[in-house]
Amino acid sequence: MTKPKMILFDFGGTLCNGPFDLEKGLDALRRAAKNPDCVTTEKMCSMWNEMSDYFHTHVNRVETPLDCILRGLFIRCGLVYDCSLSECGILFDAANSGGRQPTPFITGLLDTLYESKIRTAVISNISLSGEQLKTAIDRLLPDNKFEFVFTSADFLMCKPGHVMFEAAAKFAGVEASECWYCGDGFEPDVTGSLGAGMYAVHYNITAENGFEEKTHNGRPYAVINDWRIPASKISELI
């Protein structure tokens, strides 16, 4: 393990936890329309679930951007808006994630990284665009200093594919080998980042040990159950 120049983070389950409330999200969207009475929230939920079933059946590891989902939903419902699709997506996310909270001790880790002059950014599998997700992150972690936010909605291809990992390193002007990637999912986060040449940190709160180094396909990676662990490891490397 060597001190990284940059640490990249996943979003859901890594930077934050919280429930997803579809009904609240769609109800907020309906009420924000110029003609909210043209459809019920119940009908919007039914249409959403129909589309979701279709995507899960016909699409594999390709992201469906939220803006595209909303465009189809609004046209089918007859809803009209003064704001943009991107703004609607931000409203939807804020309304459906009222219980979202930072994961324990993540703010302390981020403070340690900033003080150590280790750069940070976010790449995540999510239907929100990078711009929309940045708005959510800024609301959740207002003191963050993430340099950029990339999402699968921007690139269409999801983790564990190498596209976002390679794009992030290239955009940051660093080698993949100089990056750590922190995420809570084994296949998308550990397998994906290792395959792109990064060092993976698997955030698994059910892991028995606070820190353990393992290998996958001959490549080392870390398993941690507490964000205070990587903070201490960073301090050791300085």
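Hey, which of the strands (runs of 3 or more DSSP E) in region 132-233, taking only ones fully inside, have at least 2 residues that are farther than 28 Å from F92 by Cα? Spell out how you get there, then give the answer.
Numbers: elements: 149-151, 179-183, 199-203, 211-216, 219-224.
Hits in region 132-233: 179-183, 199-203, 211-216, 219-224.
Given the conditions (1) more than 22 Å from E213 (Cβ to Cβ); (2) out of contact with any Phe, Trp or Tyr (no Cβ under 9 Å at 6 or more places or on another chain); (3) in contact (Cβ under 8 Å) with a residue 40 or more places away in the chain; (4) not in a loop (DSSP other than H, G, I, E, B), report the number of the one that S127 does not fulfil.
(4)
Could you grab me the full set of residues in region 173-190 that are surrounded by fewer than 24 Cβ atoms within 10 Å (Cβ to Cβ), within 21 Å of I229 (Cβ to Cβ) and free of Cβ contacts under 8 Å to residues at least 40 places away in the same chain?
F186
Just give me the residues in region 191-210 being touching a residue at least 24 places away in the same chain (Cβ under 8 Å) and of a type in the set (A, V, I, L, M), in sequence order.
L194, A196, M198, V201
Could you tell me how many of the residues in region 61-88 are part of a helix (DSSP H, G or I), within 27 Å of V122 (Cα to Cα) and more than 15 Å from the chain's Cα centre (by Cα)?
Filtering region 61-88 for residues part of a helix (DSSP H, G or I) gives 66-77, 85-88.
Filter once more, keeping what is within 27 Å of V122 (Cα to Cα): 66-71, 85-88.
Among the residues that remain, those that are also more than 15 Å from the chain's Cα centre (by Cα) are: 67-71, 85-88.
Result for region 61-88: 9.
Looking at region 10-35, which of the residues that are among the hydrophobic types (A, V, I, L, M, F, W, C) and part of a loop (DSSP other than H, G, I, E, B) is modelled with the lowest pLDDT?
Quick first cut of region 10-35, residues among the hydrophobic types (A, V, I, L, M, F, W, C) only: 11, 15-16, 20, 22, 26, 28-29, 32-33.
Okay, now just the ones that are also part of a loop (DSSP other than H, G, I, E, B), so 11, 15, 20, 33.
Working: F11: 98, L15: 98, F20: 95, A33: 98.
Among those that are among the hydrophobic types (A, V, I, L, M, F, W, C) and part of a loop (DSSP other than H, G, I, E, B), it is F20.
Taking region 96-124 as the search range and keeping residues that are free of Cβ contacts under 8 Å to residues at least 60 places away in the same chain and hydroxyl-bearing (S, T, Y), which one is surrounded by the fewest Cβ atoms within 10 Å (Cβ to Cβ)? Don't jump to the end; show me each part of the working.
Of all residues in region 96-124, those free of Cβ contacts under 8 Å to residues at least 60 places away in the same chain come to 107, 110-111, 114-115, 117.
Still in the list and also hydroxyl-bearing (S, T, Y): 107, 114.
Details: T107: 17, Y114: 14.
My answer is Y114.
Could you check, for region 57-68, whether at least one of its residues is of a type outside the set (S, T, N, Q) and more than 21 Å from S152 (Cβ to Cβ)? Please lay out each step first, then the result.
Looking only at region 57-68, we keep the residues that are of a type outside the set (S, T, N, Q), and these are 58-59, 61-63, 65-68.
Add one more test, that the residue is more than 21 Å from S152 (Cβ to Cβ), and what stays is none.
No, there is no match, as no residue in region 57-68 is of a type outside the set (S, T, N, Q) and more than 21 Å from S152 (Cβ to Cβ).
Report whether or not G218 is in contact with a helix residue (DSSP H, G or I) (Cβ under 8 Å, 6 or more places away or on another chain) and surrounded by fewer than 20 Cβ atoms within 10 Å (Cβ to Cβ). Even if it seems obvious, please write down each step before you answer.
Details: in contact with a helix residue (DSSP H, G or I) (Cβ under 8 Å, 6 or more places away or on another chain): no; surrounded by fewer than 20 Cβ atoms within 10 Å (Cβ to Cβ): yes.
Criteria not met by G218.
The values are calculated or read from the model by the stated rules, or taken from the named source; none is laboratory data. Predicted model only: the values in this text are computed from it and were never measured. All Cβ positions, even for glycine, are placed from backbone atoms using ideal geometry, and neighbour counts span all protein chains on display.
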